[in-house]
Each structure stands twice: as C-alpha cells, then as structure tokens.
Amino acid sequence: MYINPDFQFNENLIKAASEALDKCKAQFEEAEEICNYNAQKVLSAFVKNKVSESHFAATTGYGYSDRGREVLDAVYADIFKAESALVRHFMLSGTHALTVALFGILRPNDVMLSVVGKPYDTLDGVIGIGGKGKGEGTLADFGVIYKQVDLTAEETVDFKALAKALEEKPKMVYIQRSRGYDTRASLTIDVIEQIVKVTREISPESIVFVDNCYGAFVEKREPLEVGADIIIGSLIKNCGGGEALCGGYIAGKHELVELCSYRLTCPGIGGEIGASLGQNMNMFKGIYMAPKIVLEAVKTAIFTSQFYTDLGYACSPKPNEKRTDIVQQVIMNTPVGLIEFCRGIQELSPIDSYAAPEPYDMPGYDSEVIMAAGTFISGSSIELSADGPVRAPYTVYMQGGTQFDNSAIAVINSAQKLIKAGELRL
Ligand SMILES: *Cc1c(COP(=O)(O)O)cnc(C)c1O
C-alpha cells in the first residue's frame, strides 16, 4: 500500500492498514461484481430512453415540456423497475422527499405502521411522533395515526408482532432500509422481501413504502423488485453519484407517484411543471456514475470495518457481513475517541481540511453531535463523512467516499489521530 510521506503516518499503522487491505480482497470482488451488474442496468436504461445532449438544456419559468425532466423520470423508473418516477432538484433533501410522499399518500384517519421501530430522527417532526412539531402541520395534525412495531431484543424485525399489527389493515407499511442513527442492522433486500410477503398475506391492500436512503445500488435488487410499492431517496446520497447538487427521487406504482407529484406541486398539475434550471445534466450524470461511486463508498466501509476490527474496535457491519447500505459504525468507547476519529477524517478530506470539527447542540438530538464532512457538495453524505452523538458508547457513523483510495487514507488518519491523543497504542 503506497502512502505519501507528507502524511507522516506511524510505520506500524501503515503495516496494519496494508494487512487490513489484503484481507478485504474477497469482499471487494463481491462488491465489484454488484457494481458491474448495476452499472449495466443503468446503461441499459440510458440507451432504452435515448438520453441525448438536448435533454440537458435548461428550462425556466413553469418548465412546461421539459424533455430532460421527463426522460430522467423514465430512466429512474427503468432502473428501479417502477411504473413511474419523480426526480427533482427541488426536492431539497431526503427528509423533504419522504415528507412529500407521506403527505401525498396518507389521508386523515389512515394508519401509518412503521415496522422497524421509530423512523429516522428528522421524521419525528414530520409525523408528529411524541407531539413533536404539533401545530406545524405534521401528519398527526391532519389526523394520520402513527403506529410502530418495535424491534426484538436482538434488534431484528419482530415478525410475530408485525403479523398482529397487520391484522388492523394499516394504510401504509413503512420500512426504513438503512439503520440511520440506530444500532440495529440495516434491512437487506431479502428481509424486505419477507416483510412484503407477510404484508401481502395478511393485509394485501397496505401500501409498502420504503425509505431507500443510503441503500441504492448496494445490492443487485432494489425494494420494488421484491414487491414494495414505492421507494424514496436523496440525490446527495447514493443516486446523485456525487454529481447532483441537490434533489430527491420517488419511484413506484404510477398512481402513488402521481399523488406525490400533486403534493410536490399542485393537485391537477403534478409533475407537468418544474423548471430544471440547468440541473438535468448533473442529475443524469449522477445516476450514471452512481453504481461506481457507491462501490467506492462500500469499499471504504469494508476497509474501515476490517482496519478498525483489527485495531480492537467493535464494528457494525462486521468486515465480512453482507451489506445493504453504505453506513459503517465503529464504537469508539470514549468521547475523545469519537472526536479524534471525526477530526482525522476531516483533516484528510479534499475540502476544509484545515477545519477541526467540534461537538455542538443540534435541534432534534438530546446530546451534542460532532460532524466531519470535507465535501464538495455541502452536507453530501455520498462523499466521505463521519458523525455521531457524543454519548456512550460514542459510536461513529461513517459513510460515503467517492474515491476509495483517498477515503482509505483519511480513515488511516483517523487512527493516527487516536495514537496522537493517546487513545490507541500500536
Ligand atoms: C439521510 C437519511 C434520511 C434523511 O435525509 P436528509 O437528506 O438528511 O434529509 C432519511 N432516512 C434515512 C435512512 C437516511 O439515511
């Protein structure tokens, strides 16, 4: 493993990193094979839909008849095996895209059943969980009833409790594929398939809704292929390939995507308006690049897991575990460990390398949070980023990395910082 002497890494650390990298070979090969499969899936969708340079032309104002916008939707629909898709730079984040979809589909007195415990933190104030956001126009304010099936003691899907909850025939079965800031494992497509199967047996009319953030292109199959009805994600994560400047996507059954489009713009108008303002090329290029960029992120996660496991830290997923998203957890055990890990990532990131992240109070969290993100696109988490709440067991959540080679160097630097801080001895 070549290391530029500028970085002044500890010799033993370089040796440990080289050994870890050697052990990753089989996992890398498997990830490369998945990338190859997904890249051709994307290419095929581009060819089938005759993507052309003219589709990159900017529209302004209402954006009527923006051919690029229509073709981009069709490309996403083909990639994800959807009847329809809605891909827009003016869905501003993953949370916004999820909000558009939830409000688009749910009506007063409908039951939304979350099947893997509580959804991602930012959705508390959207759904109105625990009275959060009351009066701000949450789903609860509009009479949508939220229920959840908690995980088992082993933090797996509680299929028994799920079967019982499904007897009430909820309008929506809500599945979050990625762990988010949770300790549970992310849901593989196989597990999502099982959830769909149980749902179809007991409550066939329920809409199976999947938060696909961080998940796209990590496996060969996507949730719609195993029977989910609708998927939602962010373009500053996997599907934007590090190229889309912002945005979100929704894909699935035609009638559901149509309802989402009415909520995004206006009933009766839906996806027919929305100027692309010159963002089409970034979004086309992003989805084209995505399988390879996701591979880089997955390789970064595998390497981090192997390297830190060898250094004696508990990691999830484990180095050889099957992956379904790009998130890697390392349990740092001490506040200093968590902070120094994040600082090490920031210090060898391409942007703002000179900045040292500090823990701070963030809305929605009951403890301070530290975040490292030396990214080209602000807040992009398909680019290498690491963060975590400053509370026991001081777990760092790391994801992204658009170039494995450089991301691995930043990860080695995080351990170098631990050595300097006296947290790690080699
Ligand atoms: C990131 C994420 C979200 C929210 O996306 P933002 O772009 O941060 O609003 C929702 N769900 C999951 C699982 C995520 O990883």
- Item | Per-region count, region 114-136, residues farther than 19 Å from Lys171 by Cβ and either away from the ligand (no atom under 16 Å from the Cβ) or part of a loop (DSSP other than H, G, I, E, B) (or both) | 9
- Given the structure, is Asp182 among the acidic types (Asp, Glu), within 18 Å of Ser114 (Cβ to Cβ) and modelled with pLDDT under 95? yes
- Item | Set Leu98, Leu106: member being in contact (Cβ under 8 Å) with a residue 24 or more places away in the chain and away from the ligand (no atom under 16 Å from the Cβ) | Leu106
- Query: In the list Gln148, Gln194, Gln176, which residue meets the criterion of being at pLDDT 95 or above, away from the ligand (no atom under 16 Å from the Cβ) and of a type in the set (S, T, N, Q)?
  - Reply: Gln194
- So Tyr2 fits all but one of (1) closer than 30 Å to Ala77 by Cβ; (2) modelled with pLDDT under 95; what number is the exception? (1)
- When the residues of region 61-81 are filtered to those that are aromatic (Phe, Trp, Tyr) and in contact with a Gly (Cβ under 9 Å, 6 or more places away or on another chain), which remaining residue is surrounded by the most Cβ atoms within 10 Å (Cβ to Cβ)? Phe80
- Note on the structure: Taking region 357-378 and the residues there that are modelled with pLDDT of 95 or more and in a loop (DSSP other than H, G, I, E, B), the one that is farthest from the ligand (Cβ to nearest atom) would be Glu358
- Query: Of everything in region 75-95 that's part of a loop (DSSP other than H, G, I, E, B) and within 16 Å of the ligand (Cβ to nearest atom), which residue is nearest to the chain's Cα centre (by Cα)?
  - Reply: Ser93
- Can you find a residue in region 64-74 that is out of contact with any Asp or Glu (no Cβ under 9 Å at 6 or more places or on another chain), more than 30 Å from Arg323 (Cα to Cα), at pLDDT 95 or above and outside any helix (DSSP H, G or I)? yes
- Scope region 11-60; condition touching a Leu at 6+ places or on another chain (Cβ under 8 Å), surrounded by fewer than 16 Cβ atoms within 10 Å (Cβ to Cβ) and farther than 21 Å from Val298 by Cα; matching residues: Asn12, Ala58, Thr60
- Item | Filtered residue count, region 349-370, keeping only those that are out of contact with any Cys (no Cβ under 7 Å at 6 or more places or on another chain), surrounded by fewer than 21 Cβ atoms within 10 Å (Cβ to Cβ) and closer than 27 Å to Gln8 by Cα | 9
- Considering each residue of region 205-217, count those that are acidic (Asp, Glu) and within 12 Å of the ligand (Cβ to nearest atom), and give that number. 1
- Determine, yes or no, whether Asp310 is out of contact with any strand residue (DSSP E or B) (no Cβ under 9 Å at 6 or more places or on another chain), in contact (Cβ under 8 Å) with a residue 12 or more places away in the chain and surrounded by fewer than 19 Cβ atoms within 10 Å (Cβ to Cβ). yes
- Query: From the set of residues in region 223-237 that are over 25 Å from Lys299 (Cα atoms) and within 16 Å of the ligand (Cβ to nearest atom), which is surrounded by the fewest Cβ atoms within 10 Å (Cβ to Cβ)?
  - Reply: Ile230
- Query: Which members of region 327-346 meet the condition of being of a type outside the set (Gly, Ala, Ser), touching a Ser or Thr at 6+ places or on another chain (Cβ under 6 Å) and not in a strand (DSSP E or B)?
  - Reply: Phe341, Ile345
- Determine if region 265-288 includes at least one residue that is away from the ligand (no atom under 15 Å from the Cβ), closer than 29 Å to Lys118 by Cβ and in contact (Cβ under 8 Å) with a residue 24 or more places away in the chain. no
- Have a look at Lys220, Lys169 and point out the one that is at positive phi and away from the ligand (no atom under 16 Å from the Cβ). Lys169
- Among the candidates Ser353, Ser414, Ser381, Ser407, single out the residue that is touching a residue at least 24 places away in the same chain (Cβ under 8 Å) and part of a loop (DSSP other than H, G, I, E, B). Ser381
- Please list, ordered by first then second residue, the pairs with beta carbon atoms under 7 Å, 6 or more apart or interchain, first in region 61-73 and aliphatic (A, V, I, L, M), second assigned to a loop (DSSP other than H, G, I, E, B). Val71/Asn49; Val71/Val51
- Task: Answer yes if at least one residue in region 245-254 is surrounded by fewer than 24 Cβ atoms within 10 Å (Cβ to Cβ), within 16 Å of the ligand (Cβ to nearest atom) and not in a helix (DSSP H, G or I), and no otherwise.
- Result: yes
- Condition check for Ala216: out of contact with any Phe, Trp or Tyr (no Cβ under 9 Å at 6 or more places or on another chain), among the small types (Gly, Ala, Ser) and buried (at least 19 other Cβ atoms within 10 Å of the Cβ): no
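The values are calculated or read from the model by the stated rules, or taken from the named source; none is laboratory data. Being a predicted model, the structure only gives us computed values, none of them experimental. Cβ atoms come from the backbone with ideal geometry, glycine included; neighbour counts cover every protein chain shown.
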